[in-house]
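Scroll down for the structure; my scribbles are underneath it.
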Amino acid sequence: MKYTQLTKEQFKELHAEFAKFLASQKIDVSEWEKIKKNNPKMADEELDLFSDLVWEKVLNRTEYLEHFSKDSINLFKCNDKDMQRIVVKVNKDNIDLLNTEDFNWLVNNSKDASIDYFKGQKSYVKSRNMEVFDLIQQGSVLSKGELYRSISKIISQ
């Protein structure tokens, strides 16, 4: 298995897609029930294979990731050959960027002296999708890139 198996909740959400996946392998509902009952290892392998296909599709489409912590934000732009990163670090006591009010303070005070911005770029060491997956496993979430583009404009001025 290349990534991780989807959770039961994720499989439930992707029930129709999983049924199509099984059908593509000429496995109908009754056959699937027999496999689960009589050959759990094979069933698990099918779940793993489907999970990898789903992850691969998601990772191929991922362009931006965000990771928030109490006093910093890591923003990633995932290109084909490299990843660009912007870090916003707030050096101010009692700030919690996970709190909406404090995040709004950051948005409204983006030029405050207590805010540091860092920008970097690195080529992928592993495959692109594996590095994106690793960031997701560490708590990053997919985004549309609005915050990345906004912060990029601020630090380019």
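We did not get these values from a lab; they are worked out from the coordinates using the rules stated. Just so it is clear, the structure is predicted and the values come from calculations on it, not from any experiment. Positions of Cβ are generated from backbone atoms using ideal geometry, with glycine treated the same way; all protein chains shown enter the neighbour counts.
In whole Hz, with x marking every Gly and Pro, tabulate ³J(HN,Hα) for region 82-89 from phi via Karplus 6.51 cos²θ - 1.76 cosθ + 1.60, θ = phi - 60°.
Running phi through 6.51 cos²θ - 1.76 cosθ + 1.60 with θ = phi - 60° gives 8, 10, 9, 9, 10, 10, 10, 10 Hz.
Of all the C-alpha pairs in the chain, what % are more than 26 Å from each other? Write down the numbers at each step before the final one.
Details: 5433 of 12246 pairs.
Above the 26 Å cut-off, the chain has 44 percent of its Cα pairs.
What order do you get for Y3, Y117 when you list them from fewest to most C-beta neighbours inside 10 Å? Mind dumping the intermediate values first?
Details: Y3 19, Y117 13.
So the ranking, lowest neighbour count to highest, is Y117, Y3.
What stretch of the chain, leaving out the sites themselves, is the longest with no trypsin sites (Lys or Arg not before Pro) in a DSSP loop having at most 15 other Cβ atoms within 10 Å? Write down the numbers at each step before the final one.
Working: sites that count: K2, K26, K70, K81, K92, K111, K126, K144.
Counting at most 15 other Cβ atoms within 10 Å as exposed, the longest clean stretch of the chain is 27-69.
Taking the Cβ of E63 as the centre, find all other residues whose Cβ is under 15 Å away and add up their charges (Lys, Arg: +1; Asp, Glu: -1).
Values: positive: K57, R61, K77, K81, R85, R128, K144, R149; negative: E66, D80, D82, E131, E146.
In short, +3.
If you add up the charges near N74, with Lys and Arg at +1 and Asp and Glu at -1, over every other residue whose beta carbon is less than 14 angstrom from its beta carbon, what do you get? Show your work: numbers first, answer last.
Details: positive: K70, K77, R85, K89, K119, K122; negative: E66, D71, D116, E131, D134.
Taking every other residue near N74 into account, the sum is +1.
Listed here are the pairs K111/K153; K89/K122; K2/K144; K119/K153; which of them are more than 18 Å apart at the Cα?
Working: K111/K153 12 Å; K89/K122 20 Å; K2/K144 25 Å; K119/K153 12 Å.
Pairs exceeding 18 Å: K89/K122; K2/K144.
Net charge within 14 Å of S24 by Cβ-Cβ distance, Lys/Arg positive one each and Asp/Glu negative one each, not counting S24 itself?
Numbers: positive: K20, K26; negative: E17, D28, E31, E46.
Computed value for this residue: -2.
Is there a quick way to get the dipole size of the chain? I mean about its Cα centre, with the Cβ of Lys and Arg at +1 and of Asp and Glu at -1; what is the value in debye to the nearest 20? Can you show the working numbers first?
Details: 25 positive and 26 negative charges, 89 e Å.
Value, rounded to 20: 420 debye.
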